[in-house]
Amino acid sequence: MHLACDGKGRPLAILVTPGQRHDSVCARPLMERIRVPRTGPGRPRCRPDQVIADKAYSSRGFRA
């Protein structure tokens with residue numbers, strides 16, 4: 001189970017994969033599922049200001 005959450009621990013996106021699936025392979029699909037509704041009119045935000053992750057997500061492709 002891969003989970004993206006905000007700074008308060010509230011879930012933003014979840015992705016369930018087989019146990020042998022590497023974290024870095026699932027990082028991009030997980031990040032693409034994030035949608036944060038705006039308080040006013042407009043599309044939901046889908047690109048976070050910051051990302052904090054463990055070493056499994058440290059590839060150059062993910063950082064870009």
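The values are calculated or read from the model by the stated rules, or taken from the named source; none is laboratory data. Keep in mind that what you see is a predicted model, and the values were worked out from it rather than measured. In this analysis, Cβ positions are derived from the backbone assuming ideal geometry, glycine residues included, and neighbour counts consider all displayed protein chains. Accessible surface areas use protein heavy atoms only, side chains included; no ligands, DNA or RNA. Shrake-Rupley method; radii C 1.70, N 1.55, O 1.52, S 1.80 Å.
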Legend entry - Residues with amide H under 5 Å from that of ALA53, placed H, sequence gap 5 or more: none
Legend entry - Charge sum, other residues only, whose C-beta stays under 12 Å from ALA13's C-beta, Lys/Arg counted +1 and Asp/Glu -1: +2
Legend entry - Efficiency of FRET from Cβ geometry, ARG45 and SER24, R₀ 25 Å, rounded to 0.05: 0.60
Inset, instruction - Lys and Arg at +1, Asp and Glu at -1: add these up for the other residues within a Cβ distance under 13 Å of ASP23 and post the number. - result: +2
Inset, instruction - Let me have the relative contact order for the range 17-64, percent, based on Cα pairs under 8 Å that are six or more residues apart. - result: 39 percent
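What does the charge count around ARG38 come to, taking other residues whose C-beta lies under 15 Å from its C-beta (Lys +1, Arg +1, Asp -1, Glu -1)?
+2
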Legend entry - Where ILE52, ILE14 fall by accessible area, highest first, once all protein chains stay in place (1.4 Å): ILE52, ILE14
Legend entry - Rounded to the nearest 10 Å², the accessible area of ASP23 at probe 1.4 Å: 50 Å²
Legend entry - Residues whose placed amide H lies under 5 Å from that of LEU12, excluding near-sequence neighbours: ALA4, CYS5, ASP6
Inset, instruction - Please give the solvent-accessible surface of LEU3 in Å², to the nearest 10, using a probe radius of 1.4 Å with every protein chain present. - result: 100 Å²
